[in-house]
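First the structure, in the form of structure tokens, and then the observations on it.
What follows draws every value from the coordinates through simple rules; no lab data is involved. Everything numeric here is computed off the predicted structure, so don't read it as measured data. Don't worry about glycine lacking a Cβ; one is built from the backbone with ideal geometry, like all the others, and counts go over all protein chains shown.
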Amino acid sequence: MTTHFAPVDPMVQDAFTEICNIGTGRAASALSDMIDRKITIDVPRIEYFTIQQGSPFKDLENLLTVQVSQSFSSAISGKAILLLSKQGAVKLGQLLMGELDAGDAFGDSEQGAMLELGNIMIGSLIGSISNALDLACDYGLPDIQLKGADSLSDFSSDASDFFIIVRARLHIDAEDIQSYLILVLHPDQFDNLILRIHQLVEDS
Amino acid sequence: MNDSIPRIAVVDDSAFFRSQVKKLLRSIYDEVDIVEFTDGQQAFAALPNDTFDFVTLDVVMPHMTGIQLLEALRLHHPDFNTPILVISADIQESTRKACAAAGAAGFIDKPFKREAVIAILDQLGI
């Protein structure tokens with residue numbers, strides 16, 4: 001299934017990419033501090049899709065994934081998710097715990113570390129959006145699950161909900177870890193987000 | 001800091017993050033007495049009845065958030081004057097302002113840098 005690109009004004013798209021770029025840059029910097037390694041990150045690619053269009057995560061098909069999710073509410077409300085392949089999460093979990101070469105162990109300690117990392121990465125993205133759009137979000141508690149990427153529809157209460165995917169490839173040492181930060185928004189919340197970014201562009 | 005062993009409360013629902021804070025505090029002080037709380041409610045019940053040099057506090061926690069704890073301490077225990085450092089992944093300006101308004105002595109982003117924590121502790125004279 002092809003990923004759907006929502007009809008977003010190019011200036012709005014550019015502004016939103018820049019806001020997300022700040023958020024993912026901060027997330028990478030936070031991760032770098034946590035694992036004490038240099039991390040570089042590509043400029044994020046932003047895509048939009050609805051569950052009706054099928055999964056855009058071709059690279060994660062049939063793989064177990066780690067999903068850290070957290071709800072947020074303000075003038076714009078929704079859910080934010082950090083999605084990684086289990087393999088990528090194991091690598092990050094072991095780097096966080098300082099337990100390299102621990103096989104593919106992903107026990108309670110690694111999951112606790114990944115939950116905190118997800119909280120920080122989600123906070124970096126939502127915080128950047130919130131600061132740029134002058135919002136004040138309240139957060140729910142983060143949650144971690146190991147599931148297939150096709151289970152993302154569980155985060156949606158309506159088939160028309162928009163999934164905004166921020167693809168951010170993390171380069172750590174010689175390895176690349178593909179991470180996805182995903183916002184799940186009801187259509188009226190999505191419209192509100194686009195409207196606010198539009199206003200930001202007009203005011204600048 | 002006086003000559004006695006510093007006594008510090010760490011309030012965070014993440015076991016991973018509490019271990020990071022403990023590691024940091026043990027790298028700053030030769031000896032330190034650390035008491036852990038896993039949510040705001042637990043901390044609210046204990047903090048006013050104990051003596052600490054300072055408290056580190058997360059914002060997003062079950063039962064009672066960090067901001068709710070700050071507000072509850074101010075409302076129900078106005079004499080409680082132990083410095084509280086908020087350490088949070090929530091980087092919103094609105095959250096920083098809300099913490100400051102509710103009486104937080106300082107705000108540090110997660111993940112913290114050792115130097116940043118030491119600078120704030122120096123600044124606060126603790």
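Once the Cβ-Cβ distance of residue A:63 and residue A:157 is raised to the sixth power relative to R0 = 22 Å, the FRET efficiency obtained is 0.30. When Rg and the Kirkwood Rh are both derived from Cα coordinates, the Rg/Rh ratio for the range B:5-71 amounts to 0.96.
Multiplying each eigenvalue of the alpha-carbon gyration tensor of the range A:59-107 by 5 and taking the square root yields semi-axes of 27, 14, 7 Å, largest first, rounded to whole angstroms.
Computed from backbone phi with θ = phi - 60° and the Karplus coefficients 6.51, -1.76 and 1.60, the 3J(HN,Hα) list for the range B:16-33 is 4, 6, 4, 5, 5, 5, 5, 4, 4, 4, 6, 7, 8, 10, 4, 10, 8, 9 Hz; x is used for glycine and proline. The label point for residue B:100 and the one for residue A:9, both projected 7 Å from the Cα toward the Cβ, are 3.3 nm apart. 3J(HN,Hα) couplings calculated from phi for the range A:41-55 with the Karplus curve 6.51 cos²θ - 1.76 cosθ + 1.60 (θ = phi - 60°) are, in sequence order, 9, 6, 4, x, 9, 9, 9, 10, 7, 10, 4, 4, 8, x, 7 Hz; Gly and Pro show x. Using θ = phi - 60° in the Karplus curve 6.51 cos²θ - 1.76 cosθ + 1.60, the 3J(HN,Hα) couplings for the range A:169-179 round to 8, 8, 9, 10, 6, 8, 10, 10, 10, 7, 10 Hz; x is entered for Gly and Pro. What the Kirkwood sum gives for the range B:1-40 is a hydrodynamic radius of 10.6 Å, with every pair of different alpha carbons counted. Over the range A:58-153, the alpha carbon radius of gyration divided by the compact-protein estimate 2.2 N^0.38 Å works out to 1.16. Can you pull out the chymotrypsin sites (Phe, Trp or Tyr not before Pro) in the range A:1-91 that DSSP calls coil and that have at most 14 other Cβ atoms within 10 Å? Qualifying residues, ordered by number: A:5. Annotation: amide H of residue A:45 within the under-5 Å range of A:167, sequence separation 5 or more or interchain, hydrogens built in the peptide plane.
The spacing between the range B:79-116 and the range A:74-118, judged by their C-alpha centroids, is 25 Å.
When each of A:134, A:42 is scored by the number of other beta-carbon atoms lying within 10 Å, the sequence from fewest to most is A:134, A:42. How big is the Rg/Rh ratio for chain B, C-alpha atoms only, Rh by Kirkwood, two decimals? My calculation puts Rg/Rh at 0.92. Taken over the protein assembly as shown, the alpha-carbon convex hull comes to 141 cubic angstrom per residue.
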